[in-house]
1. Report, by residue number, each residue of segment 24-65 that is assigned to a loop (DSSP other than H, G, I, E, B), of a type in the set (G, A, S) and modelled with pLDDT of 85 or more.
2. For L12, are the conditions met, namely being in a helix (DSSP H, G or I), touching an Asp or Glu at 6+ places or on another chain (Cβ under 9 Å) and modelled with pLDDT of 85 or more?
Amino acid sequence: MIVIGVPDVRGLRKAIEKMVKAGIAHYEWNEPDNDFGLTAVATEAISGEKREALKNYRLWKSYCPAVSERTSASKAEGAGENPAGTANASVAQLVQSSDL
């Protein structure tokens, strides 16, 4: 699974527009609690040309110390590394999983 972050709902809607134009199947999540509205989107597993639509997004990074510690430990073991080795990998998409 690959997760990216956007700054706000407008950024999320822009990403969705790109998905629609690229023909990427997706599911928009509207948070029912506290009337938060649109909060997330998940895509089908994408490859090839469809990846190009989302290549300019940076991978999401947690700033939570507990998560950062686990992430650092995982990277030390070689797990969960970005195959391209950069935050701007062309594989950046909101969610990619072979289990979807």
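1. Residues satisfying the conditions are A25, A45, S47.
2. yes
The values are calculated or read from the model by the stated rules, or taken from the named source; none is laboratory data. Note that the structure is predicted; figures quoted are calculated from it, not measured. Glycine gets a Cβ as well: all are built from the backbone with ideal geometry, and neighbour counts include every protein chain shown.
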